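Enquirer: Sharing a structure with you now.
The values are calculated or read from the model by the stated rules, or taken from the named source; none is laboratory data. Here the structure is a predicted model, which is why all the values come from computation and not from measurement. A quick note on method: Cβ atoms are made from the backbone with ideal geometry, for glycine too, and the neighbour counts reach across all protein chains shown. When the accessible area is computed, the model is the full protein with side chains, heavy atoms only, and any ligands, DNA or RNA have been set aside. Shrake-Rupley method; radii C 1.70, N 1.55, O 1.52, S 1.80 Å.
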2 protein chains.
Amino acid sequence: MPRIPKISESEWEIMKVIWRSNPITAEQIALQLPADIEWSDQTVRTFINRLLKKNAIGFEKSGRSYHYYPLVSEQECVRAESQSFLKRVFGGAADLMVTNFLEEAQLSDKEIERLQRILTEKQENKDRRPKM
Amino acid sequence: MPRIPKISESEWEIMKVIWRSNPITAEQIALQLPADIEWSDQTVRTFINRLLKKNAIGFEKSGRSYHYYPLVSEQECVRAESQSFLKRVFGGAADLMVTNFLEEAQLSDKEIERLQRILTEKQENKDRRPKM
DNA sequence: ATTTTATATTTACACTCGTAATATTAATGG
DNA sequence: CCATTAATATTACGAGTGTAAATATAAAAT
């Protein structure tokens, strides 16, 4: 039982909805999925159940319906998924990956500036903070 | 039959070896896998066969053994995999992803400088080149 | 209390993946 | 040419996924 369960592609869609607003009913989840996703109600419930089984989400009963909420944070999941992706595709080298993205992506001037600001801040923070 | 086939985690390991040096025999592929991977010979050949079936690689006979070579470039595969990852985890927002990485990753001063240089170059190139 | 109905649980089924064992084919040694 | 061997190809099998239908259960309405 790894802390962070493996979440499949379809399950990610469900999780994103639940992270955005919770607790939430199955019906609302189905409604709030991106428009280009066309799953039957049953399919949505199947994914919800699998997420329950994986302990990625929990629920509280309220009258007739269940209200689901996350048991793992988006942060954790993004981190885990990123690690896995990094390892698979770039052999774990984060800088290689960022480089690749910067080179391939179409970035607007605004975005470039924003990223540069983040980098600069990171540099300054590093100076100021004692290494630990 | 999508141009770029879906390559599984294990298959990526095989592909990385083949991209690095090819044409290459199954035996050599097995030998050149990272040390922490311990697959039986048969397992390696299973993955090779699946990659053949997916048209990710091809081969030429030479006497007793086959020599395998890639039919899809690393570039293409990295791009496809990145797209898929981006879509799944960040809803397709590349800048969001880069931001996240920059914020989470432990970057050395050297790396930060290198990334900044890349960003600066990108900015300049954009100016110089006519938009297309 | 019984029927309806909304909701959740169980079951289904074909495909991919990780992990091989077994079988077949082709080259090489004799 | 035939047997041995080395390499490839076929088959296997359980877990996970995408996709849902069928069934059970519990709440609401009558």
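Enquirer: List the helices (runs of 4 or more DSSP H) inside region A:23-132, counting only whole elements, that have at least 3 residues being within 16 Å of DNA strand C (Cβ to nearest atom) and open to solvent by 50 Å² or more (accessible area, probe 1.4 Å).
Expert: Helices (runs of 4 or more DSSP H) meeting the threshold: A:26-32, A:41-53.
Enquirer: Shifting gears a bit: Within region A:27-45, track down each residue that is more than 12 Å from DNA strand D (Cβ to nearest atom) and either of a type outside the set (Asp, Glu) or touching a helix residue (DSSP H, G or I) at 6+ places or on another chain (Cβ under 6 Å) (or both). Before the answer, list the steps.
Expert: Quick first cut of region A:27-45, residues more than 12 Å from DNA strand D (Cβ to nearest atom) only: A:27-29, A:31-32, A:34-35.
The answer is A:GLN28, A:ILE29, A:LEU31, A:GLN32, A:PRO34, A:ALA35.
Enquirer: Kindly indicate which of A:ILE24, A:ILE14, A:ILE48 is away from DNA strand D (no atom under 13 Å from the Cβ), in contact (Cβ under 8 Å) with a residue 24 or more places away in the chain and touching a strand residue (DSSP E or B) at 6+ places or on another chain (Cβ under 9 Å). Step through it out loud before you land on a result.
Expert: Numbers: A:ILE14 fails: away from DNA strand D (no atom under 13 Å from the Cβ); A:ILE48 fails: away from DNA strand D (no atom under 13 Å from the Cβ).
Every option except A:ILE24 fails the conditions.
Enquirer: Can you tell me which of A:LYS53, A:LYS61 is free of Cβ contacts under 8 Å to residues at least 12 places away in the same chain and in contact with a strand residue (DSSP E or B) (Cβ under 9 Å, 6 or more places away or on another chain)?
Expert: On the way: A:LYS53 fails: in contact with a strand residue (DSSP E or B) (Cβ under 9 Å, 6 or more places away or on another chain).
Testing whether each residue is free of Cβ contacts under 8 Å to residues at least 12 places away in the same chain and in contact with a strand residue (DSSP E or B) (Cβ under 9 Å, 6 or more places away or on another chain) leaves just A:LYS61.
Enquirer: Looking at (1) within 25 Å of the chain's Cα centre (by Cα); (2) more than 8 Å from chain B (Cβ to nearest Cβ), which is the only condition A:ASN125 fails?
Expert: (1)
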